[in-house]
Amino acid sequence: MRKHWRREQGPSGPRTRAQNKNGISRGFFVYAAQVRLAPQEVRTYLVTAVTAQRRRLFQVTATAELFHRTILDYRSQGRFLLHAFVVMPDHFHAPITPAPEVSLEKAVQFLKGGFSFRLKSKREVWERSFNESQVLSEEKFSNCLRYIEENPVRKGLASTPQGYPFSSAGEVLDPIPFHLRGSTGPERDARA
């Protein structure tokens with residue numbers, strides 16, 4: 001059954017009516033005005049996104065540079081803190097802390113969607129989802145940075161982390177979030 005959506009103004013705000021192809025309504029769905037976000041203390045993630053069909057899109061220097069500019073532009077707009085990044089031929093890794101008013105999904109949408117818009121490709125650019133791993137300790141944060149910096153060396157793309165041009169290795173980006181400093185993991189809250 002194919003559904004059509006119609007947005008209407010109700011007495012308490014906008015609402016959406018789902019209709020099938022014959023125009024029969026299944027009722028109204030009312031959406032909350034605000035989405036509740038997790039506390040900032042648990043909002044640092046290692047994000048990985050892969051290009052569609054693992055195409056080696058970033059093997060082209062101009063394309064990798066465009067993604068590099070995109071990620072730094074959204075950082076400078078305050079959409080998230082960017083702690084490090086690496087742009088590999090068919091994927092990227094970045095530990096980020098979304099801004100207090102930005103969900104993780106929205107932060108990744110800025111990166112993937114913003115890049116796709118700038119690229120103006122007629123083909124799919126990204127796989128539909130992304131992977132994230134929550135960073136809850138200073139040790140995991142350090143391991144993420146090390147993994148990101150060493151990734152191009154492990155894959156034979158550079159002899160040193162600083163020798164790879166599409167990485168933050170050697171750059172000073174946003175420092176470790178305050179809530180991770182001195183933490184060893186989730187058990188730190190039990191000690192407080």
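Quick look at the values:
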quantity: Test for F115: is it assigned to a helix (DSSP H, G or I) and either within 17 Å of P89 (Cα to Cα) or not assigned by TED's automatic domain parsing to the domain that holds A64 (or both); calculated: yes
quantity: Failed item in (1) crowded, with 16+ Cβ neighbours inside 10 Å; (2) under 17 Å from T70 (Cα atoms), with F141 passing the rest; calculated: (2)
quantity: Answer residue from the stretch 144-160, given it is in a loop (DSSP other than H, G, I, E, B) and free of Cβ contacts under 8 Å to residues at least 40 places away in the same chain and is surrounded by the most Cβ atoms within 10 Å (Cβ to Cβ) among those; calculated: A158
quantity: In the stretch 84-134, the residues that are surrounded by fewer than 16 Cβ atoms within 10 Å (Cβ to Cβ) and either in contact with a His (Cβ under 8 Å, 6 or more places away or on another chain) or aromatic (F, W, Y) (or both); calculated: F117
quantity: So T61, is it polar (S, T, N, Q) and either under 18 Å from P175 (Cβ atoms) or surrounded by 15 or more Cβ atoms within 10 Å (Cβ to Cβ) (or both); calculated: no
quantity: Subset tally (residues that are without any contact (Cβ under 8 Å) to a residue 12 or more places away in the chain and more than 20 Å from P165 (Cβ to Cβ)) for the stretch 40-99; calculated: 1
quantity: R128 in contact with a helix residue (DSSP H, G or I) (Cβ under 9 Å, 6 or more places away or on another chain), more than 17 Å from R54 (Cα to Cα) and basic (K, R); calculated: no
quantity: Filtered residues of the stretch 57-105 (kept if in a strand (DSSP E or B) and of a type in the set (A, V, I, L, M)); calculated: L81, L82, V86, V87, M88, A94, I96
quantity: Residues within the stretch 121-142 that are in contact with a strand residue (DSSP E or B) (Cβ under 9 Å, 6 or more places away or on another chain) and assigned to a helix (DSSP H, G or I), tallied; calculated: 2
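The values are calculated or read from the model by the stated rules, or taken from the named source; none is laboratory data. Keep in mind the model is a prediction, meaning the values are calculated, not measured. Backbone-built Cβ (ideal geometry, glycine too); neighbour counts: all protein chains shown.
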